[in-house]
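Take a look at the structure below.
Read-outs: derived from the displayed coordinates by stated rules, not from any lab. Keep in mind that what you see is a predicted model, and the values were worked out from it rather than measured. Neighbour counts run over all protein chains shown; Cβ positions are idealised from the backbone, glycine included.
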Amino acid sequence: MKRADECTGIAEIRAEIDRIDRVVITALGERFEYVKAAAKFKSNSSEVAAPSRVSAMLEQRRVWAVEAGLDPDMVEKLYRDLVSYFVSQEQKHFGELSK
């Protein structure tokens, strides 16, 4: 692992970006496991969608984005897409648990 300012060429930059992307994707997979596990603690599909939780979560992610020097609008869009997908998957999982 090298810091960005330690890289001496584009190949090193790309290798580090690939390494980070693998970490991000692994973390998304881990997050998904928790999303599925949450379904067993919910009593109906409205609780799965949890719009007030999503709203609060998005606001916190915006704060974290600013702290990290990122555009909070971009981070919110990213999380809206991510959460939309995960909620749809959690709904499916919730339906399977309810059978």
Efficiency of FRET between E16 and L82 - r from beta-carbon atoms, R0 22 angstrom, step 0.05: 0.45
Proximal charge balance of V75 [Cβ under 13 Å; K/R count +1, D/E count -1]: -2
Matching label, Kirkwood radius over Cα pairs in Å computed from the structure shown, candidates [x] 14.0; [y] 14.5; [z] 15.6: [z]
Inter-label distance, nm, simple model (7 Å from Cα along the C-beta direction), N44/A56: 2.0
Relative contact order [Cα under 8 Å, 6+ residues apart], the stretch 4-97, whole percent: 35
Segment A27-M74, extension gain: residue separation times 0.36 nm, minus the distance between their alpha carbons: 15.0 nm
Crossing angle, helix 10-38 versus the chain [Cα axis fit, 0-90 degrees, rounded to tens]: 10
Using alpha-carbon coordinates, inclination of helix 72-97 to the longest axis of the chain, degrees: 40
